[in-house]
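The values are calculated or read from the model by the stated rules, or taken from the named source; none is laboratory data. Predicted model only: the values in this text are computed from it and were never measured. Here the Cβ positions follow ideal geometry from the backbone for every residue, glycine too, while neighbour counts run over all protein chains shown.
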Amino acid sequence: MIEALDPSEDLISEVATKASKRALCIFAHPDDLEFTCGGSVAKLALDGWSIDIVITTSGNKGTKDPSVTGQQLAGEREQESRAAAFILKANEPKFLGFPDGMLHANDELREILVREVRRLRPELVITWDGFRPGFNHRDHRVTGISTYDAIYPAADDHLFYPDHKDEGLQPHRPSAMLLAGTDEPDYHIDIEPFMDIKINALLAHVSQMGDRDAEGLRRMYQDRIQASAPDGDSANLPKLRESFKKVILRR
Ligand SMILES: [Zn+2]
């Protein structure tokens with residue numbers, strides 16, 4: 001068991017020094033990670049973190065091309081995701097294969113996520129803020145809520161899903177979570193040195209990019225950051241940043 005994290009210190013440095021440099025990103029669709037935290041993942045990887053990725057759907061919707069089947073699209077998008085992970089220096093993503101747009105926050109999904117947490121034993125988990133009011137995509141909400149429910153209290157309690165013991169899995173609780181897509185950001189990562197890597201990883205999602213190029217993506221991202229800055233607050237924040245709500249998990 002690690003020492004408690006000090007909330008006044010930098011969360012990621014605290015986890016790295018007091019626990020270990022193992023992160024797990026759990027998102028809904030193949031390009032969610034690159035949009036929300038591609039720069040942060042590139043930074044963590046460069047700092048020596050091992051980064052695993054679990055994606056709950058394979059993105060088998062999300063095309064305007066009437067000749068493409070869902071299965072073709074899923075295969076294509078999984079491949080794009082592997083290429084993007086390679087660019088970010090993360091480990092190869094695992095796809096849970098639920099149909100896009102049809103996720104439910106039920107026990108089936110929670111058990112699968114508990115198994116992944118027990119198997120990969122991350123100290124930092126990055127996922128969607130599923131509790132954000134008015135969050136507009138069900139898969140994002142469900143993935144965020146189910147990840148939270150899997151981590152607390154289920155994954156660390158051996159009475160939840162006791163059959164996992166037969167698979168050689170032990171209870172585990174990560175030290176902290178970072179919630180992306182939040183309305184209440186309180187943790188910002190400066191991604192200026194990693195912006196090119198983020199853009200390259202986004203461009204790996206060829207089927208989703210339409211005619212957007214590197215310059216267009218950069219502009220879109222800058223506009224979005226500016227729009228999201230609370231009045232008067234932005235002067236103190238990194239100019240190019242990815243923002244999260246932090247959750248410290250007590251032991
Ligand atoms: Zn998505």
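Things to note:
- Close pairs (9 angstrom Cβ cut-off, 6 or more residues apart or separate chains): farther than 14 Å from Glu111 by Cβ in the range 136-151, in a helix (DSSP H, G or I) and more than 10 Å from the ligand (Cβ to nearest atom) anywhere: Val142/Leu109; Thr143/Leu109; Thr143/Leu113
- Residues (surrounded by 15 or more Cβ atoms within 10 Å (Cβ to Cβ) and either over 17 Å from the mean Cα position of the chain (by Cα) or not β-branched (Val, Ile, Thr) (or both)) located in the range 197-211: Lys198, Asn200, Ala201, Leu202, Leu203, Ala204, His205, Ser207, Gln208, Met209
- Residue in the range 59-78 that is buried (at least 24 other Cβ atoms within 10 Å of the Cβ), at pLDDT below 95 and part of a loop (DSSP other than H, G, I, E, B) present: yes
- Residue-level check: of (1) of a type in the set (D, E, K, R); (2) at pLDDT 95 or above; (3) within 18 Å of Gly59 (Cβ to Cβ); (4) out of contact with any strand residue (DSSP E or B) (no Cβ under 8 Å at 6 or more places or on another chain), Asp156 misses just (3).
- Enumeration of residues in the range 122-176 that are under 26 Å from Glu9 (Cβ atoms) and either touching a Cys at 6+ places or on another chain (Cβ under 6 Å) or among the polar types (S, T, N, Q) (or both): Ile126, Thr127, Thr147, Ser175
- Of the residues examined, Ile87 is one that is under 22 Å from Gly39 (Cα atoms) and modelled with pLDDT of 95 or more.
- All conditions but one from (1) more than 27 Å from Asp186 (Cα to Cα); (2) assigned to a strand (DSSP E or B) apply to Leu109; the one that does not is (2).
- Residue in the range 105-116 that is within 16 Å of the ligand (Cβ to nearest atom), within 16 Å of the chain's Cα centre (by Cα), under 25 Å from Ile12 (Cα atoms) and of a type outside the set (Gly, Ala, Ser) present: no
- Checked across the range 33-47, the condition of being farther than 24 Å from Ile191 by Cβ, within 16 Å of the ligand (Cβ to nearest atom) and of a type in the set (Ser, Thr, Tyr) holds for no residue.
- Exclusive hit being in contact with a His (Cβ under 8 Å, 6 or more places away or on another chain) and either of a type outside the set (Asp, Glu) or free of Cβ contacts under 8 Å to residues at least 12 places away in the same chain (or both), set Leu202, Leu237: Leu237
- Reported count of residues in the range 140-177, each being among the aliphatic types (A, V, I, L, M) and surrounded by fewer than 17 Cβ atoms within 10 Å (Cβ to Cβ), is 1.
- Note on the range 79-106: among residues that are in a helix (DSSP H, G or I) and touching a strand residue (DSSP E or B) at 6+ places or on another chain (Cβ under 8 Å), the one that is surrounded by the fewest Cβ atoms within 10 Å (Cβ to Cβ) is Ala85.
- Condition met for Lys61 (in contact with a Leu (Cβ under 9 Å, 6 or more places away or on another chain), of a type in the set (Lys, Arg) and within 16 Å of the ligand (Cβ to nearest atom)): yes
- Whichever residue in the range 116-128 is of a type outside the set (Ser, Thr, Tyr) and closer than 14 Å to Asp149 by Cβ and, among such residues, is surrounded by the fewest Cβ atoms within 10 Å (Cβ to Cβ): Glu116
- In the range 17-32, the residues that are under 21 Å from Tyr148 (Cα atoms) and more than 10 Å from the ligand (Cβ to nearest atom): Ala19, Ser20, Lys21, Arg22, Ala23, Leu24, Cys25, Ile26
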